[in-house]
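Okay, structure first, notes after.
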Amino acid sequence: MMPVLIVLTLVFLCHSFVDAEVLHQQTKKTTTFIVHMDKSSVPESFDDHLQWYDSSLKSVSQTASKLYTYNNVVHGYSARLTEEEARLLEEQPGVLLVQEDKRCEIHTTRSPEFLGIHNSDESFPESSTPSDVIIGVLDTGVWPESSSYDDKDMGPVPPGWKGACEASRTFSSSSCNRKLIGARFFSQGYEAAYGPVDETKESRSPRDDDGHGTHTSTTAAGSAVVGASLFGYAAGTARGMAKHARVAAYKVCWLGGCLSSDILMAMDKAIEDGVHILSLSLGGSVNDYFQDTVAIGAFAAASKGVFVSCSAGNGGPRPGSLSNVAPWITTVGAGTMDRQFPSYITLGNGRKLTGESLYSGKPLPGSLVPLVYAGNISKASNGNMCIEGGLIPEKAKGKIVVCDRGLNPRAQKGLAVKEAGGIGMILANTEAFGEELVADAHFIPTAAVGQAPGEEIKKYDFSDANPTATIASGSTQLGVQPSPVVAAFSSRGPNPITPDILKPDLIAPGVNILAGWTGKVGPTGLPEDTRHVDFNIVSGTSMSCPHISGLAALVKAAHPGWSPAAIRSALMTTAYNRYKNGETIKDIATGKASTPFGYGAGHVDPLSALHPGLVYDTTTRNYVDFLCAIGYSSRMIKLVAKQEYQCKAGVKYSVADLNYPSFAVPLETASGPRGGGGSAPTVVKYTRRLTNVGDPATYKVSVSQETDSVKIQVQPAVLSFSAPNEMKTYTVTFAATSMPSGTSSFAHLEWSDGKHTVGSPIVFSWT
């Protein structure tokens with residue numbers, strides 16, 4: 001029997017949590033803390049570690065009780081404590097770290113065809129192997145009535161599954177089936193901070209009241225649904241990346257956010273349920289690995305053979321805006337597809353411009369109507385943003401209003417225009433958003449435009465005595481080129497924690513993705529939106545992450561014995577960074593060629609990933625050596641790895657020796673007025689090990705690069721493999737002359753046997 005494989009997808013964005021509970025002035029404020037214990041140090045006076053945990057808590061507080069006890073992702077528990085109690089607890093022997101809870105927020109059917117897998121089932125594993133894959137989603141829950149969870153083509157639930165379908169007032173145990181095989185919810189951390197879940201506003205159950213969780217899980221593994229669309233847009237067959245896989249939902253996100261104490265418990269339970277892959281989409285403030293609860297949980301998962309995938313975050317195009325940069329996590333950025341939803345603008349001066357929209361209601365009359373800029377008809381200082389109640393009705397009535405993007409939700413701006421009597425909206429990007437267009441299901445005729453056409457429209461409005469315009473909706477447009485391009489919102493490198501590790505790892509579709517939706521809210525998610533849809537179109541690295549989760553499930557199903565690092569290597573080394581015409585993938589934020597700081601190894605190519613030829617494999621021990629290389633103490637290593645490990649004094653540990661599928665080479669700028677002083681080049685060596693996962697073959701190396709400032713030598717230049725799983729090591733020597741601080745340059749290394757191409761991006765950064 002093939003082993004049951006399990007993929008876990010978490011989608012949320014983390015920020016430091018400050019308890020919102022306001023207590024009386026005379027009462028000491030309590031906050032949820034996660035207590036990391038050294039399980040190997042249980043005193044002999046206790047029968048087991050649980051008694052020790054209880055005793056440690058009671059030693060600082062007679063009233064506090066544990067919220068959760070963690071057994072897999074961390075060793076320890078969570079509890080409500082005062083700051084003084086937390087300080088005293090951290091001073092106790094055997095307590096590694098007492099960490100304040102964090103609040104997290106979620107990020108926010110063309111993709112199978114775009115990725116080349118819609119009609120390629122014959123290329124993927126036969127028999128029941130794909131249906132043995134279980135994809136768990138940590139998110140806002142699940143809407144079980146969605147047709148994307150139809151189980152008519154599914155066999156029995158895999159016998160190794162240990163999960164559950166937790167029943168409550170709004171969720172029946174019969175809501176699960178052979179597709180949606182598990183559903184749990186975790187709220188103790190959230191309720192400790194905010195009080196009981198208000199069941200008049202949201203379901204205290206696995207039920208999804210937001211839509212995000214249903215969207216991500218069906219993106220990863222939704223069943224094929226013929227005739228899916230959003231108001232006729234993106235019509236076709238909607239399906240997840242691994243349509244035969246099972247889904248298990250772990251609800252950890254509520255109206256007030258997602259608490260890391262709940263997330264850790266969900267991860268802990270998911271591993272206990274039997275997970276083999278974890279995928280996390282989260283971002284926000286970046287912490288060192290030993291202080292990052294998700295990185296710690298991800299290490300535990302990886303050490304158990306679990307593939308870990310995370311979204312890169314939505315902080316782009318700002319450099320260094322990445323999240324989830326631990327090397328045992330696969331970090332996923334977002335790109336566009338070859339599909340758009342055009343809307344057409346005609347100005348009174350005859351100019352015709354194209355925007356984007358998912359509006360499907362009553363159209364504007366064909367004749368031109370008055371056009372006005374929101375900033376000129378507002379009683380608010382930020383009136384150009386079209387905030388609710390900010391427009392003067394007498395000046396907006398019967399007109400198309402130009403609103404600037406930012407501050408408030410895009411669709412909400414249309415409600416403000418409608419409330420003031422406006423009949424249409426042009427949503428203009430500012431410099432922060434550039435030319436990136438994101439489609440929304442607007443309430444009034446709308447066209448979203450990039451910064452350049454937005455400036456042109458505003459210039460016309462300011463200069464013409466009687467500016468006019470009209471907007472007409474279009475239909476779904478396919479075959480848009482160039483595609484993909486890196487989304488402007490997708491977070492960029494360099495890696496803010498370890499510059500020696502290139503992140504993101506790769507990109508996947510994350511713009512205007514059609515997938516299942518909740519029946520609780522409309523497609524905009526706004527309270528005023530009473531429309532009900534079965535599918536919705538959403539954008540974000542939250543959407544690109546489940547693409548990789550599903551594709552990783554397919555690779556794991558085809559190669560059950562592969563490690564998480566081998567799966568990541570297959571996805572990365574077969575990714576492409578150039579279009580068919582040879583040009584580099586573009587960055588929509590600049591309109592120019594992107595770089596590995598934007599796309600990592602490139603855009604995922606699922607069919608090639610199934611047969612990569614060679615892989616860069618990595619073990620838990622390699623990751624521990626990496627922690628030694630970045631200067632971690634034995635205590636820090638124990639926090640991350642939950643094992644006793646002392647870095648050897650006589651060993652020279654180097655990040656350059658981590659067997660990663662990409663290269664990030666930080667270089668020092670020499671002293672001098674131009675940073676060019678010093679004649680001797682800087683020489684650094686990186687060692688890599690390749691494992692043969694294909695037929696016997698001989699691979700030759702080739703290197704392409706932008707700059708002559710770095711000489712690159714690969715030894716040996718030829719690797720011959722005669723058997724499966726045979727390993728060969730090579731060394732890359734970089735000899736670099738000095739460049740001004742802040743300079744970056746890029747190169748690419750490839751091993752090829754004529755059939756397979758095993759590619760690795762190289763980044764040089766002078767500081």
I need the semi-axes of the equivalent ellipsoid of the stretch 656-759: take the C-alpha gyration tensor, multiply each eigenvalue by 5, square-root it, list largest first in whole angstrom.
32, 12, 11
Counting each DSSP H run of 4 or more residues in the chain as -39500 (n - 2.57), what helix-only mean residue ellipticity at 222 nm follows after dividing by all residues, to the nearest 500 deg cm²/dmol?
-5500 deg cm²/dmol
If you take the charge dipole of the stretch 606-705 about its Cα centre, with +1 on Lys and Arg Cβ and -1 on Asp and Glu Cβ, which of ALA609, LEU690, TYR653 is farthest toward its positive end?
TYR653
One finds the C-alpha centres of the stretch 36-61 and the stretch 197-238 to be spaced, in Å, by 43
Which value, in Å to one decimal place, does the Kirkwood hydrodynamic radius take for the stretch 551-628 when every pair of different Cα atoms is included?
14.0
R0 of 30 Å, Cβ-Cβ distance GLN188-SER59: FRET efficiency to nearest 0.05
0.85
Explain nothing, just the number: dipole magnitude of the stretch 125-271 about its Cα centre with +1 on each Lys and Arg Cβ and -1 on each Asp and Glu Cβ, in debye rounded to the nearest 20.
280
Length-normalised contact order for the stretch 533-637 - Cα pairs under 8 Å, 6+ apart - percent
28
If N is the residue count of the stretch 343-481, its Cα Rg over 2.2 N^0.38 Å rounds to 0.94
Expressed in angstrom, Rg and Dmax over the Cα atoms of the stretch 597-666 are 15.5, 45
Whether the stretch 522-587 is rounded, prolate or oblate, judged on the alpha carbon gyration tensor where a/c under 1.5 counts as rounded:
oblate
At a 1.4 Å probe radius, carbon and sulfur cover how many percent of the accessible area of the stretch 374-457?
51
Of the stretch 610-629, those with amide N under 19 Å from the point 7 Å along the Cα→Cβ vector of LYS652 are 625-629
Using the structure shown, select from LYS728/LYS755; LYS58/LYS638; LYS201/LYS418; LYS66/LYS520 the pairs with a Cα to Cα distance greater than 29 angstrom.
LYS66/LYS520
Just to be sure I understand the model, the point goes 7 Å from the Cα along the line to the Cβ. What's the resulting SER463 to ARG318 distance in nm?
3.4
LYS152 label point, 7 Å along Cα→Cβ, cut-off 12 Å on backbone N: hits in the stretch 185-224?
224
For the chain, Rg(Cα) over 2.2 N^0.38 Å is 0.97
Percent of alpha-carbon pairs separated by more than 19 Å within the stretch 225-317:
55
Modelled FRET efficiency - R0 45 Å, ARG635 with THR707, Cβ distances, 0.05 increments:
0.60
Suppose every K and R has +1 on its Cβ and every D and E has -1 on its Cβ; what is the size of the dipole of the chain about the Cα centre, in Debye to the nearest 20?
1000
In whole µm²/s, the translational diffusion coefficient that Stokes-Einstein assigns to the stretch 308-359, given a Kirkwood hydrodynamic radius over C-alpha pairs, 4 °C and 1.567 mPa s, equals 90
Hey, could you grab the Kirkwood Rh for the stretch 505-642? Inverse mean 1/r over distinct alpha carbon pairs, Å, one decimal.
18.0
Excluding residues fewer than 8 places away in the same chain, name every one of the lysines whose C-alpha is closer than 21 Å to that of LYS243.
LYS152, LYS179, LYS556
Excluding same-chain residues fewer than 8 positions from LYS648, which aspartates and glutamates have a Cα within less than 15 Å of its Cα?
ASP625
Give the calculated FRET efficiency between GLN715 and THR584 to the nearest 0.05, with a Förster radius of 30 Å applied to their Cβ-Cβ distance.
0.60
Kirkwood hydrodynamic radius over Cα pairs of the stretch 130-205, then Stokes diffusion coefficient at 10 °C and 1.306 mPa s, in µm²/s
114
What fraction of the Cα pairs in the stretch 478-577, stated in percent, has a spacing above 19 angstrom?
59
Once label points are set 7 Å from the Cα along Cα→Cβ at both ARG531 and GLU456, what is their separation, rounded to one decimal in nm?
2.7
Residue-normalised accessible area of the stretch 313-392, given per residue in Å² at a 1.4 Å probe
37
Ranked from highest to lowest mean number of other Cβ atoms within 10 Å per residue, what is the order of the peptides 473-485, 375-387?
375-387, 473-485
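The values are calculated or read from the model by the stated rules, or taken from the named source; none is laboratory data. Here the structure is a predicted model, which means the values were calculated and not measured. In this analysis, Cβ positions are derived from the backbone assuming ideal geometry, glycine residues included, and neighbour counts consider all displayed protein chains. All accessible areas refer to the heavy atoms of the entire protein, side chains included, with ligands and DNA or RNA removed. Shrake-Rupley method; radii C 1.70, N 1.55, O 1.52, S 1.80 Å.
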